[in-house]
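Inspection log for the structure reproduced underneath, given as structure tokens.
The values are calculated or read from the model by the stated rules, or taken from the named source; none is laboratory data. Quantities reported herein were computed from a predicted structural model and do not represent experimental measurements. Positions of Cβ are backbone-derived with ideal geometry, glycine not excepted, and every protein chain shown enters the neighbour counts.
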């Protein structure tokens, strides 16, 4: 029986249970091992103020290295681009909706305004990337840090702490949350660029655990991996973790072409670049050159 290391939040448990169902589909039994991470314990600081990278993954990776679990499931966007010695990302999941959603309280809707936000609206987010892009579109809004899991954030919005909050579309849909009492503004990932590897799960193993790695290849999505490799390579080349205000999104169309979009705040100014190519080879380097050029 495979032991799956996971965080204990509702979304993390959804991810772990989805992993169990994927493994069951290929005849493999598994059990969940819940592990608390630094990101779960430290709730009073925003993401960009937490020191180090991998604060939602480090403790799970340590359990994997100690052999206490056989594989770990992560939101791929939380994983640092370099793997700890001895570990590997062995497989990735399908990609859910990669977009960011802006969830707005109905009482303060401004239908004629961009993103339906009123002048000076108070918007909750702790992600540097979302802050930089929103201010580029709407410099009048007020940004306010928000922490907690997805249901907690929605409650803070409903109670009037914020006029709007950001949530990843995938998180809302995977949790099956009721948003009928609020306005959901869907942001186009080509324009409001999501985090690298947003809406994809990564399955991590010990590098030398050949048996588990072979099993996971049966649930791997190589077409998704081709896109996340571009996105995460840009992140690596920009040398950023959660502190970097960077969005990268890559799509693979039916004819086999890749389309990539990037946005990053550099020296106080938001820069954007886009690229289409028949191959993903060299795309990341060209996107970074476009951002820095």
Number of positions in region 1-26 that are part of a loop (DSSP other than H, G, I, E, B) and either under 14 Å from residue 212 (Cα atoms) or free of Cβ contacts under 8 Å to residues at least 40 places away in the same chain (or both): 3
Residue match in region 241-250 (condition: free of Cβ contacts under 8 Å to residues at least 60 places away in the same chain and closer than 25 Å to residue 291 by Cα): yes
For residue 111, which of the numbered conditions (1) under 21 Å from the mean Cα position of the chain (by Cα); (2) surrounded by fewer than 16 Cβ atoms within 10 Å (Cβ to Cβ); (3) within 16 Å of residue 187 (Cα to Cα) fails to hold? (1)
Considering 52, 39, which residue is at pLDDT below 90 and assigned to a helix (DSSP H, G or I)? 39
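Looking only at residues in region 253-271 that are out of contact with any helix residue (DSSP H, G or I) (no Cβ under 8 Å at 6 or more places or on another chain) and at pLDDT 95 or above, which one is nearest to residue 235 (Cα to Cα)? Before you say what the answer is, go through the steps one by one.
Taking region 253-271 first, the residues out of contact with any helix residue (DSSP H, G or I) (no Cβ under 8 Å at 6 or more places or on another chain) are 253-257, 259, 261, 267-269.
Applying the additional criterion that residues be at pLDDT 95 or above yields 257, 259, 261.
Working: 257: 21, 259: 17, 261: 13 Å.
Per the criteria, the residue is 261.
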Taking the conditions exactly as written (modelled with pLDDT of 95 or more and outside the structural domain of residue 116 (by TED's automatic domain parsing)), does residue 202 satisfy them or not? yes
Select, from 127, 132, 99, the only residue that is under 20 Å from residue 196 (Cβ atoms) and at pLDDT below 95. 127
Where in region 232-280 are there strands (runs of 3 or more DSSP E), lying fully within it, with 1 or more residues that are out of contact with any strand residue (DSSP E or B) (no Cβ under 9 Å at 6 or more places or on another chain) and surrounded by fewer than 21 Cβ atoms within 10 Å (Cβ to Cβ)? 258-266, 269-277
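Evaluate the following for residue 175: is it modelled with pLDDT under 95 and closer than 23 Å to residue 56 by Cβ?
Values: modelled with pLDDT under 95: yes; closer than 23 Å to residue 56 by Cβ: yes.
Yes; evaluated as a whole, the condition is true for this residue.
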Region 114-133 residues that are free of Cβ contacts under 8 Å to residues at least 12 places away in the same chain and at positive phi, paired with ones that are crowded, with 18+ Cβ neighbours inside 10 Å and part of a helix (DSSP H, G or I) (beta carbon under 8 Å, 6 or more apart): none
